[in-house]
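*Asks:* Please find one structure pasted underneath; my questions will follow.
Every read-out reported here was derived from the displayed coordinates using simple, explicitly stated rules and does not represent laboratory data. Keep in mind that what you see is a predicted model, and the values were worked out from it rather than measured. Cβ coordinates were reconstructed from backbone atoms using ideal geometry, including for glycine residues, and neighbour counts include every protein chain displayed.
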């Protein structure tokens, strides 16, 4: 896909950093030691997926992963299984996959149905804001499922400053969906696409976003039809897999793919028959079919076809029982000009405007310290409108040093009120102290560093019994330390992978879906502690209330809750 200027999608689960560097050791036979099971390789080939996906499980989502994306996709739902999260059976979680996903070998990885930081359109806008901050060069796309009412949802997504909206139809194939979902869930991409396109036009939002569609697209004719319905970009899934060697054995979830496409077993991967050239050739033929179709319509480019529903007409020669009572006339109801698709695709990334991070990086000494891997200390004032504070600084460090490779220490002391997502995607080498309080999503997705939050000396309240941070802190964190001299809200450390935290009390659902790390709660907790927890340690004081979700967990005499496959380690408090 990179050879022809297209984009592939990483899917949920992260990506091996070795893919982010061009191939440099391809021999005359097209073999590379970097990718021993591939043939037809050329020096200069990039094996990275230009679109990096952020799903509800946040597996493999780290600052280093995000800053190496050309586009970041928020998977709200999936066409083949709307309303369900990704499912990776334990037998496919090899040590290699577990390392990429920051989990444990052999443990099934099932993403929650919802994103735990998205319970409203405002929450989605905040996640889009977070991702624009960590990587200001990457467009953010939101993947939705075709269904009745999707136009209203898509309008909200456009107002939330998404750059791309993807509409997924029920014909999409996947190797890890229940049969009931594949056969009975989802809606046609055509109906979802037309409703979305028309609703955006009516709300004067169409030029703000690129519309992408997938779910059963196989030929150039499919591209022409969906272009007329309003799509700017087109996603190919199953058929592209077939072009590179997939035989649709439908055993993807068993780790027994007979042609080595969807397996981690080395003896099966050695059977992989495909080459990059196979996919390139397939798309060349698709492009030729599109060119011929445009010529037959008297059009010179897809720009002239996108949104032209008047070029479509219902087929009357087909009589299907299941469509007897279906009125498809709205699929051919032209709503008027929709602008140039090429201009929407070439539009710049949505900008968040001036940020606290800009003030920090405008300091020449701070920039010089980061460039040289040195150490520096600075103090700033923050207010609750400083959303996603320090994300851009973290991205700047992660781009050059990775998630936890920074040799020095950037020490930042902030006074005031931290806004939403304070310390989001914090990376190694950052030592942050906030004297004040903060809102929701604190240190979400952090991969390293240390964040300490304490009330001001003259606060006038008892820290141990007062809420200092909001909901969903440490969601999807893969490393680092968080210390809070006060209580937290709901879903503290949900889906935590290897971060360590000390806090003086939490609300409901603490340590939910945790796969690693250490959480020490020095006060009372709410209900449902440790639900779905498959790894890590949760230390809870006895007699402080709360009800423990006991499945797969044990308690010791001090009241510490920990799963049978607990991560061995302990949190160290700062000086």
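*Asks:* Roughly how many Å is it from the Cα centre of the range 343-357 to that of the range 326-340, as a whole number?
*Replies:* 30
*Asks:* Let me ask something else about it. I'd like the FRET efficiency for residue 383 and residue 107, computed as 1/(1 + (r/R0)^6) with the beta carbon distance as r and R0 of 35 Å, rounded to 0.05.
*Replies:* On the way: r = 42 Å, r/R0 = 1.19.
Taking R0 as 35 Å, the efficiency between residue 383 and residue 107 is 0.25.
*Asks:* Give me the Debye-computed log₁₀ of I(q)/I(0) at q = 0.11, 0.24, 0.28 Å⁻¹ for the range 1-72, equal point scatterers on Cα only, no solvent, two decimals.
*Replies:* So the normalised log intensities are -0.29, -1.05, -1.23.
*Asks:* Continuing with this model, one more query. Measuring from centroid to centroid over Cα atoms, what is the spacing of the range 1-46 and the range 374-415 in Å?
*Replies:* Here the two parts' Cα centres lie 32 Å apart.
*Asks:* Expected output is a single nm value to one decimal: the length gained when fully extending between residue 330 and residue 409, i.e. 0.36 nm times separation in residues minus the C-alpha distance. What is it?
*Replies:* Full extension from residue 330 to residue 409 adds 22.5 nm.
*Asks:* For Cα pairs less than 8 Å apart in space and 6+ apart in sequence, what is the mean separation divided by the residue count of the range 449-513, i.e. the relative contact order in percent?
*Replies:* 32
*Asks:* In percent, how large is the relative contact order of the chain, given Cα pairs closer than 8 Å and 6 or more residues apart?
*Replies:* Working: 1462 pairs, mean separation 53.0, N = 575.
Relative contact order of the chain: 9 percent.
*Asks:* Once R0 is set to 35 Å, what does the formula 1/(1 + (r/R0)^6) return for the Cβ-Cβ distance between residue 315 and residue 349, expressed as a FRET efficiency to the nearest 0.05?
*Replies:* The value I calculate is 0.30.
*Asks:* Report the gain in length on full extension from residue 33 to residue 250: 0.36 nm times residue separation, minus Cα-Cα distance, nm rounded to one decimal.
*Replies:* Roughly 75.2 nm would be gained on extension.
*Asks:* For the range 356-563, what is the Kirkwood estimate of the hydrodynamic radius, computed as the reciprocal of the mean inverse distance between distinct Cα atoms, to one decimal in Å?
*Replies:* Final number for the Kirkwood radius of the range 356-563 is 17.0 Å.
*Asks:* From the helices alone, meaning DSSP H stretches of at least four residues, give me the mean residue ellipticity at 222 nm for the chain, per-run term -39500 (n - 2.57), in deg cm²/dmol to the nearest 500.
*Replies:* Result for the chain, helices only: -6500 deg cm²/dmol.
*Asks:* Along Cα→Cβ, 7 Å out, is where each label goes; now give me the distance between the ones at residue 218 and residue 522 in nm to one decimal.
*Replies:* For residue 218 paired with residue 522, the spin-label model returns 6.3 nm.
*Asks:* Can I ask one more? With all pairs of different alpha carbon atoms counted, what Kirkwood hydrodynamic radius in Å does the range 161-312 show?
*Replies:* One decimal place: 17.2 Å for the Kirkwood radius.
*Asks:* In whole angstrom, how long is each semi-axis of the equivalent ellipsoid of the range 43-109, when you take the square root of 5 times every eigenvalue of its Cα gyration tensor and sort them from largest down?
*Replies:* Output for the range 43-109: semi-axes of 21, 18, 11 Å.
*Asks:* Here's another thing I want to ask about it. By how many degrees, between 0 and 90 and to the nearest 10, does the Cα long axis of helix 391-401 differ from the longest principal axis of the chain?
*Replies:* 80
*Asks:* Moving on to the next point. Please say if the range 406-457 is rounded, prolate or oblate, where rounded means a/c under 1.5 for a ≥ b ≥ c the square roots of the C-alpha gyration tensor eigenvalues, and otherwise the choice is prolate for a/b larger than b/c and oblate otherwise?
*Replies:* It comes out oblate by the Cα gyration axes.
*Asks:* Still on this model: Contour minus end-to-end for residue 367 and residue 301, with contour as 0.36 nm per residue of separation and end-to-end as the Cα-Cα distance?
*Replies:* Gain in length upon complete extension: 19.2 nm.
*Asks:* Roughly speaking, what is the centre-to-centre gap between the range 503-531 and the range 153-231 when only Cα atoms are used, to the nearest Å?
*Replies:* So the two Cα centres are separated by 38 Å.
*Asks:* Testing the spin-label approximation: label points 7 Å from Cα along Cα→Cβ at residue 3 and residue 19. State their distance in nm.
*Replies:* Using points 7 Å along Cα→Cβ, the separation is 1.7 nm.
*Asks:* Pull out a ≥ b ≥ c, the square roots of the eigenvalues of the alpha-carbon gyration tensor of the range 293-384, then state rounded if a/c is under 1.5, prolate if not and a/b is larger than b/c, and oblate in the remaining case.
*Replies:* prolate
*Asks:* Something else: Give me the one-decimal nm value for the distance between modelled label points at residue 180 and residue 96, 7 Å along each residue's Cα-to-Cβ direction.
*Replies:* Between residue 180 and residue 96, the label points sit 3.4 nm apart.
*Asks:* Tell me the relative contact order for the range 356-563 as a rounded percent, counting alpha carbon contacts under 8 Å between residues six or more apart.
*Replies:* Values: 661 pairs, mean separation 23.4, N = 208.
Reported as a whole number, the value is 11 percent.
*Asks:* Of the peptides 130-137, 350-357, how do they stack up when ordered by the mean number of other Cβ atoms within 10 Å, highest first?
*Replies:* Working: 130-137: 23.0, 350-357: 15.4.
Ranking the peptides 130-137, 350-357 by packing returns 130-137, 350-357.
*Asks:* In degrees from 0 to 90, rounded to the nearest 10, what is the angle of the helix 121-134 Cα long axis to the longest principal axis of the chain?
*Replies:* Relative to the chain, helix 121-134 is tipped by roughly 80 degrees.
*Asks:* Kirkwood hydrodynamic radius (Cα pairs, Å) of the range 293-342?
*Replies:* On the way: mean 1/r = 0.0777 Å⁻¹.
Computed over Cα pairs of the range 293-342, the Kirkwood hydrodynamic radius comes out at 12.9 Å.
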